[in-house]
Structure formats: structure tokens, C-alpha cells
Amino acid sequence: MSSVSPSSVFNVKSNEKAKDLGHRQTINFNIGRYNAVVPNGKKQFSDLTRVRQKAKNTKWRAIETLDQQLELFEKNISARGVRVIWAENADEACAAVGEICKAKKCKSIVKSKSMVTEEIHLNEFLESMHIESIETDLGEYIQQLDGEPPYHIVTPAMHKSKEDVAALFARKLNTDPSLTPEQLTLVAREKLREKYVAAEIGVTGANFIIADTGSIAVTENEGNGRLSSAWPKTHIVITGIEKVIPSINDLSFFWPLLATYGTGQQLTVYNTIVSGPRKSDETDGPEEMIVILLDNGRTNIIADAKARESLYCIRCGACLNACPVYKNIGGHSYGTTYSGPIGSVITPNLKDKGDWKHLSYASSLCGNCTEVCAVKINLHELLLHNRHTAVEEGYSTLSEKLAWKLWKRASLSRKLMNTGSGSLKNKVVNSMFKSWSRGRSGLRFSAKTFNQLWKEKNGDE
Amino acid sequence: MKVSLFIPCFMDQLYPDIAFNTVKVLQKAGCTVGYNTNQTCCGQPAYNAGFKAESRAVCEKFLSDFNDSEIIVTPSASCAGFIRNYYNEIFSSSALSWNIQRLTKKVYELSDFLVNILKVENLGASFEGLATYHDSCAGLREYGIKSEPRKLLQHVKRLQLTEMSDVETCCGFGGSFAVKFESISLAMGDQKAGNISATGARYVISTDVSCLMHIQGVIENKNIQVKSLHLADVLASGY
């Protein structure tokens, strides 16, 4: 393991990206396109606020009764011959996939886009077993070709321009570097078709786990998710336990919300509900289906009554697109599977507070994430909550503790706040906060405080 | 109307002129302005840094300094928003809870107080120039003002207003964020400065000195010929 802390990696990478004007331009352009279409999607709702509230309340109920919902799901889906595996962490989830692969003598896997499989680093695990795992979502395929993790939870290659992609394909697949996006898509499609035919196993995530019918639902735009779940003989679903919704009827608002906040669509092109393997009288579908329910730190979040709200997330990516920090540092600077505001909220709780608390501080708390969240999660308040729990649990440095003790002393004493001349304060504060004055003109304290000047004018009240 | 003035700690230390302009504006609007000279800070800096206990001690001091005030007015949406939105949580299920609930209902940001309580939009101010208004995140999303400062500015004689692009995007200040994550804060400030500069305005006006302090720092460093002004500075001009 590397000894460099996630926080110093974040500082180096975010510093580099924040100054990268080419990156800024590409991201502003791509998010600008997103911003232009979202209002169109919103038009389908006659009362958007109510729909968002309903979605939030539904997720509230699902998470508050998570144990019952998951057991109901398990009961219903296993009645149709699906095996449900409960995985406490990434290792258990990977090991379960590994065992299935061995049993099926699997040499290659087709995968649809799934953040949970990124979270457990499934591709690396499969590679170590000499199993080829191919990403079939176009954006994810591009990222895999480039050896990069997804940059964004919805649009994995958002940071690449069409020219970047053409150059990448030329380098890796020997295509003509002048191909258009349409031609590039056809190249990917051709390559991927071969992989579908050869793969013994298809792996997908789930956007929703449906308790009352015992099904999983997959939302996508390319049909690769449907193909990955239906073509290979074995279908493995890997999903976080928080994805549960109580009823299939809830999709009537979750699907349009996810589409609108994710991509500005009314509905995505493909929405698939899978409730089990192929039945004897059916012509399509896998012979076997396995669902792996992953905890991997989610129950830590449930244990914190306030942070629990972060599990309502439907991974639409709206908070990433709205976040000025994300837009300036990009998805890779975070060094996490989930980036942007939601990533900064959940990562310290899913993983290790000591290692990841810096993400809760890497925000101006502007509140735009909270404003755009499809399910109205109070994201910026949860960042603040993370800061509070980090301090309470002793993760702050001695110098921070000391600084705030001093601040408290000064703020409790008007006399102390009036001590020292303006020029002395200028010297002390500007030398203490060099990172303020490097890119901004220095602070200029007044010779006397307002308080002193008021007293001189009006006397002590 | 008798109002108690709360001057944010930043303003007290760095910008006493703005505080005096606030007093001038309130007096012009017909208020008797009281200022408790014991006051210091609302407690927000430590709260945002995660140091809840340190923050709470200062919030308690604020409560004792302002417990008897009938109306508290402050030239900061950030402080007012913090008191309104977080004091209840900080003191929930404490013996002070009831006092806090009363306190939070009496705190107003300056423009909100003028427009919605006093129903005054025209203060008779006059200020020559083209200006653009910067929505502070605290004003826009935490406290909930957008039209109020604009209404007041529209009545300032000889002042021309223009809107910048991405006006609802954060300027990048964010308290300790500005020093802890200097380069991110500066990148955000850089884009804000660019949007301000693109309007051709000579002035950028806001309700919060915290944003203005950062914006002014960035624009000076980039040699952009724009001056930042607090809303109170403009409303106190020309009379």
C-alpha cells in the first residue's frame, strides 16, 4: 500500500486540475449541455416539488424498514429461482463472483455500467483470475480502453472531448483518427457484439431493488444493460442494499426523476425490470440469475441517524453537475468511486473518517447540491455534519483544536477583539494565512475596530 | 422603530466604514439604532469548521447580548442565515431552546428588513455608475433573498444595474475553505471575476463582506478595474 494519504493526493490533484483551463472548458461545455436540457425534462412534472418530496419520503420509508424490505425482496425473488447472496464487504462480494466464475468455467464477462462494481474493484479482481471483463456502456468502454476509472457517476467519460475519444480509439484500436462520434460508436458496437457472444456471464448493477415484486430495475440508454442481463447464460446483479424501494409502483416517479435529473430526459431509452432467470416456456434470458446484496459500509451510515439520509441517493449525478468544486477539480481528483457532493458525504462514512474527512471540508457549503438533489437530500448540511462528527471523534489536528480554542477565547471577549492595532493584525493574519494572500490581495485590517470607533463616537452603551 | 445592530466580526475588524454606512441607512429609514458594545460574533466560523462546542459557547454569548432586543438587524445574510437556520439545532433540547426560538425570529438581514419589514425600497440614495449584483450563497439559498437587494438598488438614482452570467454560482469564498483549499477557491473566484468583468460593470455589490473580501482580493490580483461595494455603501451614498 502506498503511504501517501488520500488527503495529500487530493490536494495535489485538485490543485493541478483547478489550474487546468482546458479541463475547465471541456467540463463547462459538457455540463452546459446538461443544464440546457434538464428544464425540458422537468416540464413533464406538473408539481415537481411534490414528486421530489414523495421520492424522498419513499426512500425514507425504504431505509427505515430496510431489513424488512430486503428480506421481502429476497423471499420474492428467490421464489423464482434466483440465488441471493449477502456480502458484508468488497472482498466477500468479489469472492462470491469468483466462485460463480469457477463453477461456470467463465473466461469472459460482459458488464453494464455499475458504480458498485467500481466500488468493489471487480474488474481488477477478475483480471487477477485471468477473466476478461468488458465494459459495454460506451462511456465506460472508453474509460476502460484508456485505463481510467469513471470520471462521473452518470457520464463516465465527461472530461473527454470527441477528439480525445477519436485519438484514443486510433491508439488502442487502430481506427482512423478522424472518425466522427457516430462512426466511433459503430466501432465500439462491432467490438462489443463479439464480446457478448463469447461471454459466459453478464454482470449488471441495479438502479432499484423492488421489494414487493422481488425484482431489480436497470436504467440505461444504450441497450447494453439489457443485453448484458439477457444474453449470457448467467446473470449476476451486484447492488448496494440501499437501492431498495418498497413497490414496483414507485418506479412511476423514480424513473422519470432519475432520467430528468440524470440526463434531462423524460425517461431513459431502456428501463428493464428483471424478476428472475428464463422460465421453461420463455425463449430469452439467462439460465441462472444471482443477486449480490452489498453492505460495504452502508450499515455504518444507517447507524448515524442524521447521515442516514445520504442513502436515499438515486445516483442521478445532478449534485456533481451543480457543484462548483466538482466542476473545477473534476471527478478523478477525489480519488473515490463516488465523487462530487454525494461522494464527499458518503465516502468518509463508507470508508475511514480519518482518511477521507478532508472531502467534507473541500466545499464552500454553497448549498447548490442540496438545491438540485432529485430526492432532496440536505447534502451540504451532511457535509457539515461530517465535519462535526470528525471533530467529535477526535480526527482534527492539534493545531486546529488550538486555533479554535483561541478563536473561542477571543470571541467571548470584546476586550480581546479590540486588542492590537490594525497594522499588527495585518502582519499576523496575512503571514498566518499565506494561502489567502498568494492569489488575492492581502487583508487590510482597520486601524480601529468598528466597536472602538462606535464607542469613541457614542460612548459605551 | 428601534433596532439592535449586529456587526459581523469580519466587518468589525476590517470594514468599519460599511458598518457606519449600515447605521446611516437604518437611520435614514427612520430607525433608532442601538449597538450593544459587548457583541463579538455569531459563532458561525467554528460551527462550519466542525467545532460545535466552541461555536456553541459563542452562540450563547450572542444570545445573552441580544436576548432583550426586539429586532436585530445585520448587514450580512451569512450571519443572519446562520442564526436563523442553525441556532435551533445547536440548542435543541437544551434549557435555552425557548429563548433561541424567540431570538431566531427577530434576526433580519438588512435588505430583507428594509424591504419586507419597513416596506422601504427607496432610501433616496444616489450613486453614479454601472454595477452588477452578486448573490451570496448565504443570501440566495440559506437566508432566501434575491429580489430584495435588487429592489433597493433599482431605486438608487443614477445607478445602472446589469446581471452577470452564472449569477447563482458560488464565488469560492466558503470561510476556511478559502485558505484550506486555496487553488479550488481561487479557480472559483477566477470564474466569478471573469463573469463580473464581462458585464463591463465598474462595481460589484453584495450583501456579504465575506464574498466581497474574496472577490476584491481576486480582482485586484488580476488587475481587473472593478470595485466591490457592500449594499449599505451604495444605499448610504448621495445624501
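The values are calculated or read from the model by the stated rules, or taken from the named source; none is laboratory data. Predicted model only: the values in this text are computed from it and were never measured. Please note: Cβ atoms are built from the backbone with ideal geometry, for glycine as well, and neighbour counts cover all protein chains shown. These accessible areas exclude ligands, DNA and RNA; they are computed on the full protein's heavy atoms, side chains included. Shrake-Rupley method; radii C 1.70, N 1.55, O 1.52, S 1.80 Å.
Of the numbered criteria (1) within 18 Å of residue A:307 (Cβ to Cβ); (2) within 8 Å of chain B (Cβ to nearest Cβ); (3) small (Gly, Ala, Ser); (4) in contact (Cβ under 8 Å) with a residue 24 or more places away in the chain, the one residue A:367 fails is (4).
Here residue A:201 clears all of (1) touching a Pro at 6+ places or on another chain (Cβ under 7 Å); (2) open to solvent by 10 Å² or more (accessible area, probe 1.4 Å) except the condition numbered (2). Total residues in segment A:153-190 satisfying the condition of being open to solvent by 70 Å² or more (accessible area, probe 1.4 Å) and in contact (Cβ under 8 Å) with a residue 24 or more places away in the chain: the figure is 1.
Answer yes or no as to whether residue A:297 is at positive phi and out of contact with any Leu (no Cβ under 9 Å at 6 or more places or on another chain). Give the derivation first.
Working: at positive phi: yes; out of contact with any Leu (no Cβ under 9 Å at 6 or more places or on another chain): no.
Criteria not met by residue A:297.
Looking at segment B:1-69, the helices (runs of 4 or more DSSP H) lying wholly inside it that each contain 1 or more residues that are farther than 16 Å from residue B:108 by Cα, facing chain A (nearest Cβ under 7 Å) and among the charged types (D, E, K, R) sit at B:9-14, B:52-66.
The sole residue among A:448, A:427, A:457 that is open to solvent by 80 Å² or more (accessible area, probe 1.4 Å), over 30 Å from residue A:322 (Cα atoms) and touching a residue at least 24 places away in the same chain (Cβ under 8 Å) is A:448.
Scanning segment A:112-152 for residues that are of a type in the set (A, V, I, L, M), open to solvent by 10 Å² or more (accessible area, probe 1.4 Å) and without any contact (Cβ under 8 Å) to a residue 60 or more places away in the chain returns A:129, A:131, A:142, A:145.
When the criteria are applied in full, residue B:85 meets the requirement of being under 29 Å from residue A:380 (Cβ atoms), touching a helix residue (DSSP H, G or I) at 6+ places or on another chain (Cβ under 7 Å) and open to solvent by 50 Å² or more (accessible area, probe 1.4 Å). For segment A:342-378, a tally of residues being open to solvent by less than 30 Å² (accessible area, probe 1.4 Å), under 26 Å from residue B:192 (Cα atoms) and assigned to a helix (DSSP H, G or I) returns 10.
The single condition among (1) polar (S, T, N, Q); (2) in contact (Cβ under 8 Å) with a residue 60 or more places away in the chain; (3) in contact with a helix residue (DSSP H, G or I) (Cβ under 8 Å, 6 or more places away or on another chain) that residue A:229 does not meet is (3).
Rundown of residues vs (1) at pLDDT 95 or above; (2) farther than 25 Å from residue A:204 by Cα; (3) within 24 Å of the chain's Cα centre (by Cα); (4) open to solvent by 50 Å² or more (accessible area, probe 1.4 Å), yes/no style:
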position: A:10; (1), (2), (3), (4): yes, yes, yes, no
position: A:19; (1), (2), (3), (4): yes, yes, yes, yes
position: A:42; (1), (2), (3), (4): yes, yes, yes, yes
position: A:45; (1), (2), (3), (4): yes, yes, no, no
position: A:48; (1), (2), (3), (4): yes, yes, yes, no
position: A:53; (1), (2), (3), (4): yes, yes, yes, yes
position: A:58; (1), (2), (3), (4): yes, no, yes, no
position: A:73; (1), (2), (3), (4): yes, no, no, no
position: A:79; (1), (2), (3), (4): yes, no, no, yes
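Output yes when any residue across segment A:407-417 is in a helix (DSSP H, G or I), facing chain B (nearest Cβ under 7 Å) and surrounded by fewer than 17 Cβ atoms within 10 Å (Cβ to Cβ), and no when none is. Within segment A:407-417, not a single residue is in a helix (DSSP H, G or I), facing chain B (nearest Cβ under 7 Å) and surrounded by fewer than 17 Cβ atoms within 10 Å (Cβ to Cβ).
Condition first: more than 7 Å from chain A (Cβ to nearest Cβ) and open to solvent by 40 Å² or more (accessible area, probe 1.4 Å). Can you find one or more residues in segment B:179-188 that meet it? Within segment B:179-188 (the criterion being more than 7 Å from chain A (Cβ to nearest Cβ) and open to solvent by 40 Å² or more (accessible area, probe 1.4 Å)), the answer is no, since none of the residues qualifies. Residues in segment B:109-150 that are polar (S, T, N, Q) and out of contact with any helix residue (DSSP H, G or I) (no Cβ under 9 Å at 6 or more places or on another chain): B:126 alone. Each residue in segment B:189-223 was checked for being without any contact (Cβ under 8 Å) to a residue 60 or more places away in the chain and at the interface with another protein chain (Cβ under 10 Å from one of its Cβ atoms), and 12 pass.
Given the structure, is residue A:435 at negative phi, more than 9 Å from chain B (Cβ to nearest Cβ) and out of contact with any strand residue (DSSP E or B) (no Cβ under 7 Å at 6 or more places or on another chain)? When the stated conditions are applied, residue A:435 does not pass them.
Matching residues to (1) open to solvent by 50 Å² or more (accessible area, probe 1.4 Å); (2) touching a helix residue (DSSP H, G or I) at 6+ places or on another chain (Cβ under 7 Å); (3) modelled with pLDDT under 95; (4) more than 29 Å from residue B:127 (Cβ to Cβ):
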site	(1), (2), (3), (4)
B:154	yes, no, no, no
B:158	yes, no, no, no
B:168	yes, yes, no, no
B:190	no, yes, no, no
B:195	no, no, no, no
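Among the candidates A:334, A:326, single out the residue that is crowded, with 24+ Cβ neighbours inside 10 Å, within 14 Å of chain B (Cβ to nearest Cβ) and in a loop (DSSP other than H, G, I, E, B).
Numbers: A:326 fails: in a loop (DSSP other than H, G, I, E, B).
Of A:334, A:326, the one residue that is crowded, with 24+ Cβ neighbours inside 10 Å, within 14 Å of chain B (Cβ to nearest Cβ) and in a loop (DSSP other than H, G, I, E, B) is A:334.
Within segment B:46-63, is even one residue open to solvent by 10 Å² or more (accessible area, probe 1.4 Å), modelled with pLDDT of 95 or more and in contact with a strand residue (DSSP E or B) (Cβ under 6 Å, 6 or more places away or on another chain)? No; the residues of segment B:46-63 include none that is open to solvent by 10 Å² or more (accessible area, probe 1.4 Å), modelled with pLDDT of 95 or more and in contact with a strand residue (DSSP E or B) (Cβ under 6 Å, 6 or more places away or on another chain). Of all residues in segment A:379-406, those being part of a loop (DSSP other than H, G, I, E, B) and within 11 Å of another protein chain (Cβ to nearest Cβ) number 3.
Filtering B:81, B:43 for residues that are of a type in the set (Gly, Ala, Ser) and touching a Ser or Thr at 6+ places or on another chain (Cβ under 8 Å) leaves a single hit, B:43.
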